[in-house]
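Readers should treat all values here as calculations from the given coordinates under stated rules, not as data from a laboratory. All values derive from a computational prediction rather than experimental measurement. All Cβ positions, glycine included, derive from the backbone under ideal geometry; neighbour counts span all protein chains shown.
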Amino acid sequence: MKPDAPRTSCCWARPQAWEVSSELISALHGVRLCGSVHVIAAAETVVETISNLELDEKSVRRSQRQAETVVTAQRAFLDACREDLAYSARWYQVRRRRAGRRFLREQTGN
């Protein structure tokens, strides 16, 4: 194949599963590093939802439900990010800290 020729093979069209999962985990680590508690929880939900996808699913209905679940998780993540970015907390506003602690307690069950 010439170097200038377009690559039309299916193996060039889609990234490998390990490439996608490594990028997803890398992005999750970035969110864990600098995200708030709500954003981290939403990101982990997205990763879990994507990890549970069955890529070789033959049933159209089931694959559609899986896609809708992923889209719902992504929307929840984006909403959490938007809320976090729009909120400019000051040191004297402890409301956010209380909400974060309450959320952590609910997640851990304590």
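Each Lys and Arg contributes +1 and each Asp and Glu -1, all at the Cβ; summed about the Cα centre of the stretch 15-108, the dipole is approximately 780 debye.
Expressed in Å, the radius of gyration and Dmax of the Cα atoms of the stretch 15-108 are 16.0, 55.
Do any chymotrypsin sites (Phe, Trp or Tyr not before Pro) in the stretch 23-91 lie in a loop, going by DSSP, with at most 14 other beta-carbon atoms within 10 Å of their beta carbon, and if so which? In loop regions of the stretch 23-91 (DSSP not H, G, I, E or B), the sparsely surrounded chymotrypsin sites (Phe, Trp or Tyr not before Pro) are Y87, W91.
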